[in-house]
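Peer 1: Submitted below is the structure of interest, expressed as structure tokens.
The values are calculated or read from the model by the stated rules, or taken from the named source; none is laboratory data. Everything numeric in this text was worked out from a predicted model, so none of it was measured. Here the Cβ positions follow ideal geometry from the backbone for every residue, glycine too, while neighbour counts run over all protein chains shown. Ligands, DNA and RNA are excluded from the accessible area calculation, which covers all protein heavy atoms including side chains. Shrake-Rupley method; radii C 1.70, N 1.55, O 1.52, S 1.80 Å.
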Amino acid sequence: MASTNLYHPVKIGSLELEGNLFLAPVAGYSDRAFRGLCIKGGSNFEYTEMVSAEALTRRNGKTQEIMKAAPNEKKYAVQIFGGTPEVMYDAACLVLEQTDCSCIDINAGCPVPKVVKTGAGSSLTRDPERLHDIIAAVVQAVKDKGATGAGLIPVTVKIRSGWDKLSINFTECASRAIEAGVSAITLHPRTRAQGYEGRSNWDYLKELVEFVAGRVPVFGSGDIFKPEDAKKMLEETNVDGVMFARGAMGHPFIFRQTRELLLNGTYGDIAPKERLTAGFEELDVLIEDRGEKAACKDMRKRFCAYSKGLNGGASLRLAIVHAETKSDYQNIFGEYL
């Protein structure tokens with residue numbers, strides 16, 4: 001049975017999107033090469049990999065590449081992370097000066113130690129007041145630098161449910177975020193202590209939706225690996241939209257399939273040739289951005305994902321992890337193309 005009300009437009013501040021299926025910011029994955037494929041695959045909105053505010057203010061060259069829009073990307077969000085309001089203000093100003101992004105997202109959920117120890121990422125869940133001040137600083141940067149013909153671009157935040165199971169405080173963090181001026185909140189309902197292990201608690205998503213009560217949109221992330229997962233999250237939690245992270249890796253068509261499921265009650269399979277063709281499109285953009293050697297190394301994990309389910313998977317993966325050129329990949333997958 002179709003659930004047409006589950007797929008719908010979303011408004012984030014001044015930003016209007018035609019649907020509610022998004023690509024999450026995934027470190028090491030959500031570059032413009034992959035985001036471009038996800039747009040072709042039906043994504044309604046995409047987030048960059050997280051950008052270090054400190055690196056951005058030091059004019060680190062890699063941050064420029066992370067923030068580049070894909071050739072077919074008309075609207076997208078740049079996600080930044082940092083531990084102090086002052087640096088985040090300066091970083092937000094630079095994002096606005098150096099990109100045409102449609103949204104600035106603040107990472108308050110990353111559990112990685114090297115991020116947490118700087119006071120950024122999910123460290124902010126331990127200090128809702130500092131989270132408020134950081135969001136307020138970025139909102140102020142947009143007011144100072146970011147006026148466009150369509151109005152101020154929105155500032156959003158992604159949080160976790162808490163630091164650990166004894167400190168579940170996502171409603172307090174959400175309250176302070178709304179007071180600081182965010183236009184949307186994404187919740188990954190795992191604690192920092194969980195990392196990416198165990199199950200995410202979707203009951204927290206439902207609780208957050210009820211707590212926010214329509215003041216801003218709430219988006220859900222966590223354990224969405226197939227279209228049915230997205231449908232279930234939308235039905236059970238009433239979130240306004242869903243973010244695909246690991247579920248989109250090697251499968252940028254999951255957005256299209258999910259939309260088909262929500263609108264028609266069923267969806268079609270993706271042929272191996274279509275999957276692998278997408279992988280080569282991704283490789284071509286990476287080669288343009290990073291050169292063949294670095295791009296081919298990066299694509300090893302990605303082609304392992306694209307080739308999942310193909311006959312002779314173990315031998316394919318063994319060949320993939322030794323590929324060094326585009327020709328190597330063409331030889332590996334020739335029979336499928």
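Peer 1: Over the range 84-174, give the accessible area per residue in Å² for a 1.4 Å probe, as an integer.
Peer 2: In whole numbers, the range 84-174 has 40 Å² accessible per residue.
Peer 1: A further question follows. What figure in square angstrom, to the nearest 10, would you give for the accessible area of Trp163 with a 1.4 Å probe?
Peer 2: In the full protein context, Trp163 sits at about 50 Å².
Peer 1: Just add up the charged neighbours of Lys62: K/R +1, D/E -1, any other residue whose Cβ is under 14 Å from the Cβ of Lys62.
Peer 2: After counting each charged neighbour, the total is -1.
Peer 1: To continue, here is another question. Would you calculate, for the chain, the mean residue ellipticity at 222 nm contributed by helices, counting each DSSP H stretch of 4 or more residues as -39,500 (n - 2.57) and dividing by all residues, to the nearest 500?
Peer 2: Helix-only estimate at 222 nm: -13500 deg cm²/dmol.
Peer 1: A further question on this structure: Distance between the C-alpha centers of the range 261-337 and the range 112-165? Whole Å please.
Peer 2: Their Cα centres are 35 Å away from one another.
Peer 1: Ignoring ligands and nucleic acids, what accessible area does Phe219 show with a 1.4 Å probe (Å², nearest 10)?
Peer 2: Accessible surface of Phe219 is approximately 0 Å².
Peer 1: Given a 1.4 Å probe and every protein chain left where it sits, what share in percent of the accessible area of the chain is carbon and sulfur?
Peer 2: 49 percent
Peer 1: Here is a follow-up. Mind checking which lysines have their Cα closer than 21 Å to the Cα of Lys117? Skip sequence neighbours fewer than 8 apart in that chain.
Peer 2: Here the lysines satisfying the reach criterion relative to Lys117 are Lys158, Lys165.
Peer 1: Check the straight Cα-Cα distances from Lys326 and name the lysines below 25 Å, setting aside those fewer than 8 residues away within the same chain.
Peer 2: Cross-link targets: Lys40, Lys62, Lys68, Lys273, Lys293, Lys297, Lys301, Lys308.
Peer 1: With a probe of 1.4 Å, find how much accessible area the range 192-337 has per residue, and write the answer as a whole number in Å².
Peer 2: I get 48 Å² per residue for the range 192-337.
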